[in-house]
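Trainee: Quick one: this structure, given as structure tokens, is what I'll be asking you about.
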Amino acid sequence: PVVWTVKSDDFMPLANDAASYWTGFFSSRPTLKRYERVQAGYLQAARQMQLFAGLTVNKHVKQELKKGPWYAKWFGMGRHDMDPLAAAVALNQHHDAITGTEKQHVTYDYAYRLAA
């Protein structure tokens, strides 16, 4: 029988210079990643309830787009009735959030937007 080894340490330790290493890709900040997954689930459930209840999903969008074209471009807003949560979930798909390489103050901002 074939016996496979299990790798348990970091896969990609990278160095910017002699004293700066990037490690922990995709395993860093698990709490924020879990929080984003939970919020994405709530967003999906809310969208499904809107659809099944026959609610006008785009009513809010039409009102907000009257504010100007800048609103539609801000984090993808202007596409869904759940704009604030949808924007926060979308923002957490940034490559720094996915890899966990963002700075701590950025992590706080991501969590704040998800909670708002």
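Trainee: Please list, ordered by first then second residue, the pairs with beta carbon atoms under 9 Å, 6 or more apart or interchain, first in region 21-34 and closer than 18 Å to Ser8 by Cβ and in a helix (DSSP H, G or I), second at pLDDT below 90 and of a type in the set (S, T, N, Q).
Mentor: Filtered contacts from region 21-34: no entries.
Trainee: Sticking with this one: Would you pick out the residues in region 98-114 that are of a type in the set (Lys, Arg) and closer than 17 Å to Gln39 by Cβ? Even if it seems obvious, please write down each step before you answer.
Mentor: Applying the first criterion (of a type in the set (Lys, Arg)) to region 98-114 yields 103, 113.
Of everything in region 98-114, just one residue is of a type in the set (Lys, Arg) and closer than 17 Å to Gln39 by Cβ, namely Arg113.
Trainee: Of the residues that sit in region 94-116 and are part of a loop (DSSP other than H, G, I, E, B) and surrounded by fewer than 16 Cβ atoms within 10 Å (Cβ to Cβ), which one is farthest from the chain's Cα centre (by Cα)?
Mentor: Pass one, region 94-116, residues part of a loop (DSSP other than H, G, I, E, B): 94, 100-103, 116.
Still in the list and also surrounded by fewer than 16 Cβ atoms within 10 Å (Cβ to Cβ): 94, 103, 116.
Working: His94: 7, Lys103: 15, Ala116: 14 Å.
Applying the filter and picking the extreme gives Lys103.
The values are calculated or read from the model by the stated rules, or taken from the named source; none is laboratory data. Just so we're clear, the structure is a prediction, and the values are computed from it rather than from any experiment. Please note: Cβ atoms are built from the backbone with ideal geometry, for glycine as well, and neighbour counts cover all protein chains shown.
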